[in-house]
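Working notes, beginning with the structure itself.
Values quoted throughout were computed directly from the atomic coordinates according to the rules given, and no laboratory measurement underlies them. Everything numeric in this text was worked out from a predicted model, so none of it was measured. Cβ: placed from backbone, ideal geometry, glycine included. Neighbour counts: every protein chain shown.
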Amino acid sequence: MKATRRALDINYAIADMVFPMRELEAQGHEVLKLYIGDPNKFDFKTPQVMKDALCRAAETCDHGYTETEGVWELREAVAEREHRKNKLTIGPEDVYITAGVTESLQMTMATILNKGDEILLPGPGYPPYNLFIQFYEGVPVHYRANEEDGWQPDLDDLRKKINDRTRAIVVINPNNPTGAVYDRKTLQEMVDIAGEHDVMLISDEIYDMLTYEGEHTSPATFAKDVPVMVFNGFSKVYLVPGWRVGYMAIADETGVLDEVRDGIVRQLGLRISANAPAQVAAAETLRGDLSFLEGYRSTLKERSHYAWKRLNQMPGISAVRPKSAFYIFPKIECDFWKDDKQFVMDALKEAHVVLVPGSGFDPDHGKGHFRSVTLPPIEIQEKAFNWLEEFMIKRCL
């Protein structure tokens, strides 16, 4: 049997590194993994309050299907959270619980895209946006992020690329893969551009509580006349990526997204429901103790700064300092390799360090770069960067 082209054409740069990595490990080599944004795969631990809440939920919930839109208590807690942090005037009926942000993204693209419709995306940006747009026969159009300006969006480039086929502008802030935090003035201008052209904003805010330089602002805070879909979840901030609990919150005072809501709710019913005990536990913890965040952010900042410093000391590499999350997106300034894919494969085979090619985050604005996570403890990063530095000295000096 033949598979469809839409399935076979999926090339996810992060997952594509797994198979060659496993081959090396099978041969007995130690491989240092700087490719996956999962804090729990390193020395970060899920807060005890989260574990306790899940245990209580397992004892008290009936383990059956939940409401298709999500557990009402969780939707209430999310609405309160969005009002508290982003000043959104939404209710629980405006919140829909999904299996992580990825399902929010998938359902939204399935709802808003007809063949040939365009979505404006930050370049570089998180690869599943590009992949799901193509999967549903849309056209991803990347607006440039300016490396010289700390990876802030290039608004002139954004304006040039918006047209009558544009269905939405995606904002990924804080940004994966660059670690950039967008300033308020830039976000206000993006809202204004969306309003001028009658398109909605999709704001991915999964790292919103993990800024350690600057402050996160949601464009939904001041987008009163512009519809915004906020994507967020529990994976990164609460250290529970395996729970698969995310949400979309729709801020739409004008009601222009009513039909979009209907299309999303129909898909939610099709998948039946999200994880029942995890939703119940998430509702409890969203209103609970967040004191663990201070130490978490402090550790992320220390490790991120170490990675930035070490990478900039290497021949043939330069990097902008991240301000959030746990990624860094260095530039390859040595011309030994034909492209960034060859660079990361050689780094894996020779230095035994797993990185992700930058072109996987955008073939134009990401090429000639690579993404590294800054999650490992300093001693693990030191070992990985020592190996990588030896590799760069051998190839670039």
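Here's the picture: charge each Lys and Arg Cβ at +1 and each Asp and Glu Cβ at -1 in segment 48-286, and of Leu201, Gly269, Ser218 the one pushed furthest to the positive end of that dipole is Gly269.
Need one number for segment 230-275: average projected area of the convex hull over its C-alpha atoms, nm².
On the way: hull surface 15.3 nm².
It is 3.8 nm².
The separation of segment 318-343 from segment 83-138, counted between C-alpha centres, amounts to 27 Å.
Axis of helix 292-313 versus longest Cα principal axis of the chain: the two differ by about 30°, to the nearest ten degrees. All C-alpha pair distances within the chain, sorted into 20 Å bins from zero, spread as 27, 58, 14, 0 percent across the bins.
Could you please report the charge total around Pro127, scoring K, R as +1 and D, E as -1 over all other residues with beta-carbon less than 15 angstrom from its beta-carbon? Each step should come with its number before you reach the end.
Values: positive: Lys341, Lys367, Arg371; negative: Asp9, Asp16, Asp204, Asp340, Asp362, Asp364.
Within the 15 Å Cβ shell, the charges total -3.
Any lysines with Cα under 16 Å of the Lys236 Cα? List them, leaving off those in the same chain fewer than 8 positions away. Answer for Lys236, where 16 Å is the Cα cut-off: Lys41, Lys45, Lys51, Lys301, Lys323, listed by chain and number.
Got a sec? Which residues in segment 57-83 would a label at Arg271 touch, if it sits 7 Å along Cα→Cβ and we count backbone N under 20 Å? 63-79, by backbone N distance to the label point.
Do any GluC sites (Glu not before Pro) in segment 16-97 lie in a DSSP loop with no more than 12 other beta carbon atoms within 10 Å, and if so, which? Listed in order of number, the matching sites are Glu30. FRET efficiency for the pair Asn114 and Glu196, taken as 1/(1 + (r/R0)^6) with r the Cβ-Cβ distance and R0 = 30 Å, rounds to 0.85.
Using Cβ point charges alone (K and R +1, D and E -1), the dipole size of segment 48-286 about the Cα centre works out to roughly 460 debye.
By the helix-only formula, in which each DSSP H run with n ≥ 4 contributes -39500 (n - 2.57) and the sum is divided by residues, the chain has a 222 nm mean residue ellipticity of -12000 deg cm²/dmol. Along segment 88-98 the Karplus relation, 6.51 cos²θ - 1.76 cosθ + 1.60 evaluated at θ = phi - 60°, assigns HN-Hα couplings of 7, 9, 10, x, x, 5, 9, 10, 10, 8, 10 Hz to successive residues, with x for each Gly and Pro.
Hey, what does the equivalent ellipsoid look like for segment 301-357, semi-axes from the Cα gyration tensor as sqrt of 5 times each eigenvalue, largest first, whole Å? Please report the intermediate quantities before stating the final value.
Details: eigenvalues 87, 30, 20 Å².
For segment 301-357, the ellipsoid semi-axes come out as 21, 12, 10 Å.
Of the trypsin sites (Lys or Arg not before Pro) in segment 170-272, the ones in a loop by DSSP (not H, G, I, E or B) with at most 14 other beta carbons within 10 Å are Lys224, Arg271. The C-alpha atoms of the chain define a longest principal axis, and helix 48-60 lies at about 40 degrees to it.
For segment 299-397, which trypsin sites (Lys or Arg not before Pro) pass both filters: DSSP loop (anything but H, G, I, E, B) and at most 13 other C-beta atoms within 10 Å?
Working: sites: Lys301, Arg303, Lys309, Arg310, Lys323, Lys331, Lys338, Lys341, Lys349, Lys367, Arg371, Lys383, Lys394, Arg395; in loops: Lys323, Lys338, Lys367.
Taking segment 299-397 and a limit of 13 other Cβ atoms within 10 Å, the loop trypsin sites (Lys or Arg not before Pro) found are Lys338.
Within segment 48-286, antiparallel bridges make up roughly 40 percent of the DSSP beta bridges whose residues both belong there. With respect to the chain, whose longest principal axis is taken over its alpha-carbon atoms, helix 100-112 is tilted by about 70°. Dipole of segment 48-286 computed with +1 at Lys/Arg Cβ and -1 at Asp/Glu Cβ about the Cα centre; of Gly233, Gln134, Gly64, farthest Cα towards the positive end is Gly64.
Cysteines in the chain that lack a partner Cβ within the 4.7 Å cut-off: Cys55, Cys61. FRET efficiency for the Cys55 to Ile10 pair, using the beta carbon distance and R₀ = 22 Å, is estimated at 0.05. D by Stokes-Einstein for segment 106-180, Kirkwood Rh over Cα pairs, 20 °C, 1.002 mPa s: 171 µm²/s. Extension gain for Thr89 to Asp289 (0.36 nm times residue separation, less C-alpha to C-alpha distance): 69.6 nm.
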